[in-house]
Amino acid sequence: MSTFWHAFADMHAVETGGELVVDRGEGVHVWDEDGTRYVDATAALWYCNVGYGREEIAEAAHRQLSKLPAYSTFGNLSNRPAIELAERVGSLAPVEGSKVFLTSGGSDSIDTATKMARRYWQLLGKPERTMLITREHAYHGMHVAGTSLAGITANAAGHGPLVGDVVKVAWDSPAALREVIERAGAERVAAFFCEPVIGAGGVFAPPEGYLPEVRAICREAGALFVADEVITGFGRTGDWFASSRWQLEPDVLTCAKGITSGYLPMGAVIAAPWVAEPFWGADAGMWRHGYTYSGHAAAAAAALANLDVMEREGLPKRALELERDLAEALAPLADHPLVGEVRSGTGVLSAVQVDADVLASDPATPARLVGACRQHGILTRALGIGALQISPALVIDPIELGELVRGISGALDSL
Ligand SMILES: Cc1ncc(COP(=O)(O)O)c(C=O)c1O
């Protein structure tokens with residue numbers, strides 16, 4: 001075994017069971033080191049929106065790496081790709097005039113958003129607004145702030161005390177949000193964090209009317225509405241952002257993943273102009289926050305090239321067509337005795353849920369199914385609640401979609 005300590009892994013199981021070493025990718029396919037080809041059912045971790053093998057992104061990064069890989073953006077320092085990326089993301093943002101704070105990934109973006117929210121209220125002379133509200137099933141990354149906001153209980157457990165003043169509400173109930181705010185007092189609430197479509201928690205689309213209602217509740221309470229679009233952003237839900245699709249006008253929006261399609265690590269926090277304003281005011285002073293790689297020049301160059309591809313190929317619109325095609329293709333799997341339900345139809349985001357009785361009698365079924373999928377040429381993973389993640393690149397074609405569904409179906413039958 002190598003010295004490599006895997007992320008989100010039981011290292012004993014990895015050491016005894018072996019690794020799968022992914023070697024290269026092209027379009028929606030990846031190959032392991034033995035040359036076995038797989039349909040990448042998950043676009044890696046929901047991020048490779050444009051698919052693999054995009055030379056123009058690699059070349060844009062290469063050009064920038066040769067010229068200037070990165071440089072600090074602390075204080076008044078800057079670099080051209082970072083400036084251009086902020087402009088570009090700002091122009092796509094759901095709220096006009098937004099400001100863009102660049103990070104190295106989704107967890108950075110969440111950490112930034114929690115601090116931004118609390119500091120915003122301090123700057124406005126309301127330091128008592130510190131409470132952060134999160135939802136069941138939520139995944140907001142694995143920095144300490146995101147871990148504290150975890151709605152996936154197992155992700156928060158076992159690390160001792162985390163960030164305080166965090167309250168969790170039901171994922172699907174505006175009434176539950178209203179009640180928590182009323183109980184605490186609106187004047188205590190800093191922000192409500194909301195994935196427009198819950199991803200890692202199991203792929204749960206918002207119930208009809210949920211998003212506009214919770215948005216309105218936050219507005220009434222004066223609490224910031226933070227849309228966590230680390231998964232849903234950059235095309236995956238049929239528009240540049242889910243917030244645009246559902247006209248949410250978020251106060252703060254966190255994103256990452258699809259911004260570069262994973263060609264290099266990058267994330268961003270988009271702040272509506274009214275949120276940025278107090279930070280940019282003459283009396284605000286320095287905000288002591290930022291990362292070594294905030295505005296990393298080569299990552300920003302890769303992001304710009306990735307957004308060129310997305311724009312030229314109309315991938316957000318393509319995703320809107322694909323959400324229907326994917327749902328139709330996966331629907332027959334729901335009839336399989338091992339499957340409880342197939343959740344799909346909102347964005348290129350689906351989950352094949354293992355039946356509850358099957359799970360109860362054999363909790364290892366999802367892991368065995370993932371293994372069987374590999375045997376059938378499909379690379380996917382099991383989400384915590386026992387569902388297969390299906391979120392391919394936005395370029396998947398009907399033949400590849402057929403390959404994907406046949407592979408999963410074969411894997412189910414083999415169990
Ligand atoms: C909704 C959401 N927020 C935040 C994150 C954290 O992003 P990262 O893993 O890039 O730190 C993720 C990662 O999957 C996510 O799905």
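The values are calculated or read from the model by the stated rules, or taken from the named source; none is laboratory data. As the structure is a computational prediction, the values presented were derived from the model and not from experiment. Note that each Cβ is placed from the backbone with ideal geometry, even for glycine, and that neighbours are counted across all protein chains shown. Calculation scope for accessible area: heavy atoms of the full protein, side chains included, ligands and nucleic acids excluded. Shrake-Rupley method; radii C 1.70, N 1.55, O 1.52, S 1.80 Å.
Observations on the structure shown:
- Net charge dipole size for region 250-315 [Lys, Arg +1 and Asp, Glu -1 on Cβ; Debye, nearest 20]: 240
- Assigned charges on the beta-carbon of Lys, Arg, Asp, Glu; region 134-208 dipole about Cα centre (debye): 160
- Dipole of region 1-147, positive end: most advanced residue of GLY146, MET116, PRO127 [Cβ charges, Cα centre]: PRO127
- If R0 is 45 Å, the Cβ-Cβ spacing of ARG37 and GLU208 corresponds to a FRET efficiency of close to 0.65.
- Ordering 382-395, 95-108, 272-285, 57-70 by mean Cβ neighbour count within 10 Å, with the highest value first, yields 382-395, 95-108, 57-70, 272-285.
- HN-Hα J in Hz across region 175-191 - Karplus 6.51, -1.76, 1.60, θ = phi - 60°, x for Gly and Pro: 4, 5, 5, 4, 5, 5, 5, 5, 5, 6, x, 3, 5, 9, 8, 8, 7
- Modelled FRET efficiency - R0 41 Å, SER2 with ASP362, Cβ distances, 0.05 increments: 0.85
- Counting only heavy atoms of the protein chains and using a 1.4 Å probe, ILE396 has close to 0 Å² of accessible surface.
- Per-residue [θ]222 nm for the chain (sum of -39500 (n - 2.57) over DSSP H runs n ≥ 4, rounded to 500): -12000 deg cm²/dmol
- Vicinal HN-Hα couplings computed from phi for region 272-288 (Karplus, 6.51 cos²θ - 1.76 cosθ + 1.60; Hz; Gly/Pro x): 4, x, 6, 7, 5, 3, x, 6, 8, x, 4, 9, 5, x, 6, 8, 7
- Just so you know, the Rg over Rh for region 193-236 is 0.99, from Cα atoms, with Rh as the Kirkwood radius.
- Folded to 0 to 90 degrees: helix 365-375 orientation relative to the chain principal axis, Cα: 70
- Percent RCO, i.e. relative contact order, over the chain, from Cα pairs under 8 Å lying at least 6 residues apart: 22
- Residue order by solvent-accessible surface for TRP31, TRP246 is TRP246, TRP31, largest first, with ligands and nucleic acids left out and a 1.4 Å probe.
- Ligands, DNA and RNA are left out, and with a 1.4 angstrom probe the accessible area of region 213-282 is 29 Å² per residue.
- A simple spin-label model places the labels of ALA170 and SER91 4.4 nm from each other, with each point 7 Å out along Cα-to-Cβ.
- Global geometry of region 148-217, whether rounded, prolate or oblate, following the gyration tensor of its Cα atoms and the 1.5 cut on a/c: oblate
- Using the Karplus relation 6.51 cos²θ - 1.76 cosθ + 1.60 with θ = phi - 60°, the per-residue 3J(HN,Hα) values for region 131-143 come to 5, 10, 10, 10, 10, 3, 6, 5, 10, 10, x, 10, 5 Hz, with x marking Gly and Pro.
- The packing ranking, built from the mean of other Cβ atoms within 10 Å per residue, places the peptides 79-88, 353-362 in the order 79-88, 353-362, highest first.
- Protection proxy ranking, peptides 163-169, 142-148, average beta carbon neighbours within 10 Å, highest first: 142-148, 163-169
- Percent RCO, i.e. relative contact order, over region 244-369, from Cα pairs under 8 Å lying at least 6 residues apart: 15
- 24 Å Cα-Cα threshold exceeded, pairs from LYS115/LYS257; LYS67/LYS115; LYS168/LYS317; LYS67/LYS317: LYS67/LYS115; LYS168/LYS317; LYS67/LYS317
- For region 280-361, the set of trypsin sites (Lys or Arg not before Pro) satisfying both a DSSP loop assignment and a count of at most 16 other C-beta atoms within 10 Å is given as ARG288.
- Rounded Å value of the spacing that divides the Cα centres of region 277-311 and region 208-222: 28
- Region 164-316, Rg to Rh (Cα coordinates; Rh as Kirkwood inverse mean 1/r): 0.99
- Evaluated over the chain, the Cα radius of gyration and Dmax, each in Å: 21.1, 66
- Paramagnetic label reach from ARG312 (point 7 Å along Cα→Cβ; backbone nitrogen cut-off under 15 Å): within region 47-74, residues 50-61.
- Gyration tensor (alpha-carbon) shape descriptor, region 230-316, a/c threshold 1.5: oblate
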